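Take a look at the structure below.
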Amino acid sequence: MFENLTERLGESLCGLTGQTQLTEDNIRDTLREVRKALLEADVALSVVKDFTDQVKEKALGAEVLKSLNPGQAFVKIVNDEMVHVMGDSNVGLDLAVKPPAVIMMAGLQGAG
């Protein structure tokens, strides 16, 4: 699932290479592709909507560093927001609890 999502996001973000600045016009198609990629990866619609709204808000208000082009800046914004949505920290699995440790694994539509 993550490989397909990574591939789709990479393809959609390639459309911004060569842009001189981030404007609503040049990120609209890229955000649409990001939205489609996330929905096809079975991410909830409300999460996708919040994610794309946050990315759009940050991208339109962002000041692009001179060392980056706008496409690279947009990729960073998408990456930062993805990290924020999925969690900033790594919470380990505590198997030292009183035995037996109960672990439930669930997958969506046969995914696991």
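The values are calculated or read from the model by the stated rules, or taken from the named source; none is laboratory data. Just so it is clear, the structure is predicted and the values come from calculations on it, not from any experiment. Cβ: placed from backbone, ideal geometry, glycine included. Neighbour counts: every protein chain shown.
Only a single item in (1) at pLDDT below 80; (2) outside any loop (DSSP other than H, G, I, E, B) is not met by T52, and it is number (1). Against the numbered list (1) part of a helix (DSSP H, G or I); (2) among the acidic types (D, E); (3) at pLDDT 80 or above, E7 comes up short only at (3). In the range 10-29, the qualifying residues are those that are surrounded by fewer than 11 Cβ atoms within 10 Å (Cβ to Cβ) and polar (S, T, N, Q), and the one that is modelled with the lowest pLDDT is T20.
Checked against (1) modelled with pLDDT of 80 or more; (2) exposed (fewer than 10 other Cβ atoms within 10 Å of the Cβ), A106 passes all but a single condition, namely (1). Residues being in contact (Cβ under 8 Å) with a residue 60 or more places away in the chain and either surrounded by fewer than 13 Cβ atoms within 10 Å (Cβ to Cβ) or in contact with a strand residue (DSSP E or B) (Cβ under 9 Å, 6 or more places away or on another chain) (or both) are entirely absent from the range 82-91. Report whether or not D94 is surrounded by fewer than 16 Cβ atoms within 10 Å (Cβ to Cβ) and in a loop (DSSP other than H, G, I, E, B). Answer is yes for this residue. Which one is modelled with the lowest pLDDT, of the residues in the range 69-91 that are within 24 Å of R35 (Cα to Cα) and part of a loop (DSSP other than H, G, I, E, B)? Taking the candidates together, the pick is N69.
For the range 55-68, name all the residues that are part of a loop (DSSP other than H, G, I, E, B) and surrounded by 12 or more Cβ atoms within 10 Å (Cβ to Cβ).
Correct list: A62, V64, L68.
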